[in-house]
Structures are given as C-alpha cells and as structure tokens.
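Colleague: Below you will find the structure I want to go over with you.
The values are calculated or read from the model by the stated rules, or taken from the named source; none is laboratory data. Note that this is a predicted model, so its numbers are computed, not measured. With ideal geometry, Cβ positions are generated from the backbone for all residues, glycine too; neighbour counts draw on all protein chains shown.
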C-alpha cells in the first residue's frame with residue numbers, strides 16, 4: 001500500500017523537475033527520494049517517470065495519476081487542519097492582522113467593544129501589508145486577516161468579502177501632473193511613482209510600479225506624506241487622502257484610462273488551523289460591522 005509520504009515525494013519531484021531538486025526542498029538524501037518513487041511505482045505497478053534522459057519526465061501514467069495524488073494530499077491537509085482545530089478548544093489568544101491602510105477609528109471602536117465581553121482572551125492586532133498578511137494566516141502566525149482581494153486561492157485559508165475600498169491617484173498641487181486636465185499612462189511613467197510594498201517585497205496588483213523612477217514605502221500614510229512633499233505621485237485609499245485634498249496639500253489626478261479610480265474588494269481571511277470559537281466569531285461580526293457588508 002502506498003503512503004502519503006510517497007505521494008508527497010512524487011508530487012515534489014513533479015513540481016521541482018528532478019529528484020535532486022525535490023531532495024533539496026524536502027531536506028532529504030537524493031537516493032532516498034529516488035528510492036521512495038521507485039517503491040511507489042512498484043506498489044502501483046505503474047512507471048511514473050521516464051528516466052532515460054538527464055531529468056525525469058512524467059510518463060502518460062504519471063500524468064494521469066499526478067492530479068489525483070495532489071487531491072489526496074490536499075484532503076490530508078484539510079483533515080490534519082481540522083484535527084488541530086478541534087484540539088484547540090479554548091481561545092486564550094487571537095492574532096488579527098489588518099491591512100495597514102484599513103485601520104481606522106471605526107474598526108478599532110468595534111473591536112474595542114469586545115474587551116469587556118472576553119476579558120480573558122489576549123487579542124493581538126497587527127498592521128501589515130496585504131501580501132504579508134495572507135502568508136501570516138496561511139502559516140498560522142495570524143488567526144484572522146483583513147486584506148485586499150487579489151483573485152488568488154489558497155488551500156489552507158478561507159475567505160469572505162467584507163466590503164470595498166476606493167483608491168485614487170494623487171500628487172502635490174505643485175506637481176507637473178496636477179496641471180494636466182487629463183493624465184495619460186505615458187504621463188505617469190515620466191514621473192517618480194510612490195509605491196506601497198510589503199516586507200516580503202510584494203506590491204498590490206492595482207498599484208504596482210509602472211514608472212522608471214520609483215520610491216517604495218511600507219505604508220500608505222508614508223506615501224501620502226511623500227506625495228504632499230512633491231516627491232512623486234501615488235495611488236492611495238480615497239478616505240486616507242480626503243483630509244489632505246480638502247486642505248489643499250494633495251490633488252486627485254484625472255486619470256484618462258480610469259477617471260473614477262479603482263474599487264477594490266476587502267476580504268476577511270481565516271486559518272483552518274484553529275476551530276472557530278466565540279471570540280473569533282465575535283471578531284468576524286465586528287469586522288463585518290466596521291466595513292459595512
């Protein structure tokens with residue numbers, strides 16, 4: 001009978017292209033990886049790889065079995081996560097990671113109402129970039145995350161839509177772009193762009209760098225301050241820029257190809273590693289209320 005470990009090694013060889021690469025990824029000896037695949041082939045009575053060349057190539061039988069092996073491993077992952085969640089019966093601590101541009105008084109006010117209801121639970125609220133938060137939730141470093149949707153799906157987290165946030169392009173009123181009645185894509189590329197980038201070096205899909213001159217910052221508040229100084233143009237949440245626009249220190253640019261700005265979905269992501277308890281459910285309801293969905 002084949003084992004989960006043999007299936008894992010088989011899939012790893014397919015994903016990394018060779019026995020040696022899979023061995024490095026799995027931190028095993030290459031001979032052990034090769035032997036495991038050979039044992040799996042004997043058990044299944046099927047040749048999974050053609051080894052006649054320098055690198056193993058999937059046979060038709062291997063190609064047919066690969067997606068099923070992946071499905072079995074995914075089901076095993078879900079099973080293990082559920083077992084771990086059932087073991088964690090008590091919510092002594094919950095880590096909530098929130099996209100930094102979404103933290104405001106309304107959100108904190110809704111969360112603050114939970115202090116008296118759950119006095120024995122320690123709640124850790126972390127501000128981070130969307131890209132880092134999804135990884136934190138996936139790896140179990142955070143139980144709940146609030147992020148901007150990017151269309152990607154992950155096997156180890158669940159998500160629901162909380163609401164939406166409107167982004168606009170802004171610059172200092174003295175910036176050359178502010179003088180243009182309509183700003184084209186080529187105009188933007190000619191001037192320095194201020195881009196939010198996560199600690200892991202990733203950028204949001206709707207505000208990534210397109211200019212040849214770029215400054216990066218870890219938060220949208222820093223981007224706003226730099227834009228007010230005339231350093232460059234940037235894409236930020238409208239509600240964050242509203243006060244500066246009203247004060248005349250920032251100007252919303254009329255972007256020719258997107259005159260109404262960008263409406264982006266706000267998602268709540270949760271780990272499957274922990275069973276949903278009363279505190280987690282209360283936080284989810286508080287987040288729904290804060291973002292109006």
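Colleague: Report, by residue number, each residue of the stretch 25-59 that is in a helix (DSSP H, G or I) and either touching a residue at least 24 places away in the same chain (Cβ under 8 Å) or out of contact with any helix residue (DSSP H, G or I) (no Cβ under 8 Å at 6 or more places or on another chain) (or both). Write out each step before concluding.
Modeller: Start the filter on the stretch 25-59 by keeping residues that are in a helix (DSSP H, G or I), which leaves 25-26, 30-44.
The answer is 31, 33, 35, 36, 37, 38, 39, 40, 41, 42, 43, 44.
Colleague: Among the numbered criteria (1) over 21 Å from residue 261 (Cβ atoms); (2) touching a helix residue (DSSP H, G or I) at 6+ places or on another chain (Cβ under 9 Å); (3) in the same structural domain as residue 276 (by TED's automatic domain parsing); (4) surrounded by fewer than 18 Cβ atoms within 10 Å (Cβ to Cβ), which one does residue 150 miss?
Modeller: (1)
Colleague: Here is a follow-up. Looking at the stretch 107-122, which of its residues are closer than 23 Å to residue 165 by Cβ and not in a loop (DSSP other than H, G, I, E, B)?
Modeller: Passing the criteria: 107, 108, 109, 110, 111, 112.
Colleague: Let me confirm something: among 283, 245, which residue is touching a helix residue (DSSP H, G or I) at 6+ places or on another chain (Cβ under 9 Å), in the same structural domain as residue 121 (by TED's automatic domain parsing) and not in a loop (DSSP other than H, G, I, E, B)? Can you show your working first?
Modeller: On the way: 245 fails: in the same structural domain as residue 121 (by TED's automatic domain parsing).
Going through 283, 245 in turn, the sole match is 283.
Colleague: Given 18, 71, which one is out of contact with any helix residue (DSSP H, G or I) (no Cβ under 8 Å at 6 or more places or on another chain) and exposed (fewer than 14 other Cβ atoms within 10 Å of the Cβ)? Can you show your working first?
Modeller: Numbers: 18 fails: exposed (fewer than 14 other Cβ atoms within 10 Å of the Cβ).
Every option except 71 fails the conditions.
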